[in-house]
1. For region 35-50, how many residues are assigned to a loop (DSSP other than H, G, I, E, B), without any contact (Cβ under 8 Å) to a residue 24 or more places away in the chain and closer than 19 Å to residue 114 by Cα?
2. In the list 109, 98, which residue meets the criterion of being surrounded by fewer than 18 Cβ atoms within 10 Å (Cβ to Cβ) and farther than 19 Å from residue 32 by Cβ?
């Protein structure tokens, strides 16, 4: 019990992977990253935000990104994934859910993300309507293994904790 309120807590996990291709911008966590390749996808291919969305939807039992924003629907073609996060956040808020924290792991052989992790963290915090300290962004390589390790793809794994106010207690 916190300040006379009871809360329900739920965790969610989201993952995504997209192939790296020429002639696309590389967008991770809503931030454009200088790199000669970008991620192939129906939308902008932002694996980080797609995994964030799936983690939030998973925690609430509200489906997944492909159900809400199918790649067969032209209205989502090349859409900025920040728009999708905002839409999901509105859905969560309608059901009284708030984001407690988001923990992101980006799996990429290249580019090295050390200099942009703070920008990605800030972007996610803003989109989630949360304090910067409640978001964590890590970058890992796959040590040359699989499509990520061979530099052919970038993936993301996200864990989030949500809470919902249930009722006021006496």
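1. Within region 35-50, residues that are assigned to a loop (DSSP other than H, G, I, E, B), without any contact (Cβ under 8 Å) to a residue 24 or more places away in the chain and closer than 19 Å to residue 114 by Cα number 2.
2. So the residue among 109, 98 that is surrounded by fewer than 18 Cβ atoms within 10 Å (Cβ to Cβ) and farther than 19 Å from residue 32 by Cβ is 98.
The numbers here are math on the coordinates, done by the rules we state, and not lab data. On a predicted model such as this, the values are computed, not experimentally measured, just so you know. Note that we place each Cβ from the backbone using ideal geometry, even for glycine, and neighbour counts take in every protein chain shown.
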